[in-house]
Amino acid sequence: STAAVAALRRRRDWRGALALFEEVRRSGRTPDVILYSAVISACEKCGQWDSALGLLNSMKQRSVLPNVITCNATVSACEKSNLWSLALRILLSMREQRLAPNVITYSAAVSACEKGAQWEFALTLLGELPQTCLQPNLYTFNASISACARAAQWRRALTLFEQVHEDRLCADIITYSAVISGFERAELWPLGLHALLQMKGRSLGPSSVTHSIVLTACGKATHWQRALALFCELQAAGGVPDTIAYGAAISACERGGQWAKALALLDAMERKGPAPDALVYSSVMCASQNGRQWGIALALFSSMRLRSLLPTLMAYNVALASCAQEKLWKRALELLFEMQRTCVEPDTESFK
């Protein structure tokens, strides 16, 4: 039965695994811990946390003692479903049952805390590992760094990043992306750029996501030249910029008053992809408005609608301001009525 359940797990057939488990129970046989572990693992692989937890609870009712593998699979199921409090509860119950959590248990629990934006719990768990004679692995560090970065705790993220090197672990793209994300949130673009250069020095090809994070940081600091240089580097390295990378570069141009460059980037997206979204159009419209290119802003608004994109409030406001500059009062009124029809709530900027 266990081998059959393992085969179903590999096929991601958690329903089949549960059906087989029920067959064993109906036949009068008592499922052992190995069968329970296999079925819970099948549920975990498919993100069925409620079934995994139900099976773990039924073990207690049937006096079948769970083992570390069973608990690990259930914690992992909770982690995949962003249920950090349940993951911690299972970890606590393991201690009560005198089951020693291993690195896999802690890694899954830390990752659950990271996904739940619980950076303090993540760091507490990471700190417990040496106390239990366990060595944190890269996965545990990555989740902890990411948790700190998401909470704008960039100093803690940097400390953990340095600890990765002290523990002689090889930082990967995920490690760097996480710490760079922390720098971006704190608007520390020089540190983000330094980390990006470190990646290249270690022959870790930065991903489009990593470039986008640093691009965004440079854009926020109005370093549009640096942002565009990074964008060109990404393309030169054979990377394919995604919507986020294009959006970050365009936003940097907008903040730097470079409407023509923003327009050129939008043109590249329209010709080669990826397809620009409403936010990208809105950003280029803002850049055009800042450059007093009212006609271009209105043309972009029309292009957005031709692509069946719902204009954002920002796009409507730029279009309204452009109509005012061009003295297109009738068009401005039509836009205000259109906003009501499309459920875009005007703000004070809309009526200026």
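Points worth noting:
- Using the rule -39500 (n - 2.57) for each DSSP H run of four or more residues, divided by the residues of the chain, the 222 nm mean residue ellipticity is -23000 deg cm²/dmol.
- Relative intensity, log₁₀ I(q)/I(0), of region 121-183 from a Debye sum that treats every alpha carbon as a point, q = 0.16, 0.24, 0.30 Å⁻¹: -0.43, -0.96, -1.36
- Across the chain, the mean sequence separation of Cα contacts (distance under 8 Å, 6 or more residues apart), normalised by length, yields a relative contact order of 7 percent.
- Computed on region 1-101, with alpha-carbon pairs under 8 angstrom and 6+ residues apart, the relative contact order is 22 percent.
- Averaging the sequence gap over all C-alpha pairs within less than 8 Å and six or more residues apart, then dividing by the number of residues, gives region 232-300 a relative contact order of 31 percent.
- When each of the peptides 135-143, 38-46, 231-239 is scored by the mean number of other C-beta atoms lying within 10 Å of its residues, the order from highest to lowest reads 38-46, 135-143, 231-239.
- Calculated translational diffusion coefficient of region 170-221 (4 °C, 1.567 mPa s; Stokes-Einstein with Kirkwood radius over alpha-carbon pairs) equals 124 µm²/s.
- Taking the inverse of the mean reciprocal distance over all distinct Cα pairs, the Kirkwood hydrodynamic radius of region 213-276 comes to 11.3 Å.
- Ranked from largest, the principal axis spans of the Cα set of region 270-352 equal 36, 28, 19 Å.
- Pairwise Cα distances in region 1-101 exceed 24 Å for 16 percent of all pairs.
- The simple spin-label model puts a point 7 Å past each Cα toward its Cβ; for A236 and K327 those points are separated by 4.9 nm.
- Ellipsoid fit via the Cα gyration tensor, region 199-352: semi-axes of 32, 15, 13 Å, each the root of five times an eigenvalue, largest first.
- Where only alpha carbons of region 42-90 are counted, the Rg and the Dmax (Å): 9.9, 29
- Lysine-lysine proximity count for the chain, Cα under 29 Å, sequence distance 8 or more or distinct chains: 19
- For region 20-174, the normalised intensity computed at q = 0.12 Å⁻¹ comes to -0.53 (log10 of I(q)/I(0), Debye sum over alpha carbons, equal scatterers, no solvent).
- Packing-based ranking of 111-119, 309-317 yields 111-119, 309-317, ordered from highest to lowest mean Cβ neighbour count within 10 Å.
- Values [x] 23.7; [y] 26.8; [z] 27.5 are given for comparison; Kirkwood radius over Cα pairs in Å, derived from the coordinates here, is the one labelled [x].
Each value in this text was obtained by applying a stated rule to the coordinates, not by laboratory testing. Here the structure is a predicted model, which is why all the values come from computation and not from measurement. Backbone-built Cβ (ideal geometry, glycine too); neighbour counts: all protein chains shown.
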